[in-house]
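A.B. asks: Structure incoming, see below.
All of the numbers you see were taken from the coordinates with simple rules; none came from a lab. The structure displayed is predicted, hence computed values, not measured ones. Glycine also receives a Cβ, built like all others from the backbone with ideal geometry; neighbour counts cover every protein chain displayed.
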Amino acid sequence: QVQFVESGGGLVQPGGSLRLSCAASGNIRSIDTMGWYRQTPGKQREAVAFITGSDSTTYLNSVKGRFTISRDNANDIMYLQMNSLKPEDTGVYYCKPFVGGSWGQGTQVTVSS
């Protein structure tokens, strides 16, 4: 089973940017839909963005226009570019296929002044 490792999180001021990476241990070309999820304090884990094998994307309403999901099948990696970050974006971010797969350790994103 392909495993995923998230990285790129950190502490950033409101309005700042981060780019998260999701490195796969195997080929992701055969995985149709991949997603980024987050666990924010006091809330259940939620889906943030999805990308299909044909690069069709969908986003959580609250991140539309600020976040961009992309995938590099040649290098088995997926990204989440996050701009105009807000304190409410704080949380642990995970990547996983929409179907199947398992949760990794995630990467912590903290937006605070």
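A.B. asks: Based on a Kirkwood Rh over C-alpha pairs, give the Stokes-Einstein translational diffusion coefficient of the range 1-109 at 37 °C and viscosity 0.692 mPa s in µm²/s.
C.D. replies: 239
A.B. asks: For the range 35-77, just run the numbers: alpha carbon Rg, then divide by 2.2 N^0.38 Å, N being how many residues it has.
C.D. replies: It is 1.27.
A.B. asks: Cα gyration tensor of the range 1-46, axes a ≥ b ≥ c as square roots of the eigenvalues: rounded (a/c below 1.5), prolate (a/b > b/c) or oblate?
C.D. replies: prolate
A.B. asks: Quote the convex hull volume per residue of the range 55-113, based on C-alpha atoms, as a whole number of Å³.
C.D. replies: Roughly 110 Å³ of hull volume per residue.
A.B. asks: Taking K and R as +1 and D and E as -1, what net charge do the other residues with C-beta under 12 Å from the C-beta of TYR37 add up to?
C.D. replies: On the way: positive: ARG38, LYS43, ARG45, LYS96; negative: GLU6, GLU46.
Net of charged neighbours comes to +2.
A.B. asks: Out of GLY15, GLY35, CYS95, whose Cα points farthest toward the positive end of the dipole of the chain (charges: +1 Lys, Arg; -1 Asp, Glu; placed on Cβ)?
C.D. replies: Of the candidates, GLY15 comes out farthest on the positive side.
A.B. asks: Compute the relative contact order of the range 1-101 as a whole-number percentage, counting only Cα pairs closer than 8 Å that sit 6 or more residues apart in sequence.
C.D. replies: 37 percent.
A.B. asks: Okay, next question. Determine, for each peptide in 17-28, 39-50, 95-106, the mean count of other beta carbons within 10 angstrom over its residues, then list the peptides with the highest first. Numbers along the way, then the final one.
C.D. replies: Working: 17-28: 17.2, 39-50: 13.9, 95-106: 15.4.
The packing order, highest mean first, is 17-28, 95-106, 39-50.
A.B. asks: Could you give the nm distance between label points at GLN3 and ASN83, where each point is 7 Å from its Cα heading toward the beta carbon?
C.D. replies: 3.5
A.B. asks: Stretched out fully, how many nm does the piece from ASN75 to THR57 gain, at 0.36 nm a residue minus the Cα gap? Provide the component values of the computation, followed by the final result.
C.D. replies: Details: separation 18, 0.36 × 18 = 6.48 nm, distance 1.93 nm.
Separation in residues times 0.36 nm, less the Cα-Cα distance, equals 4.5 nm.
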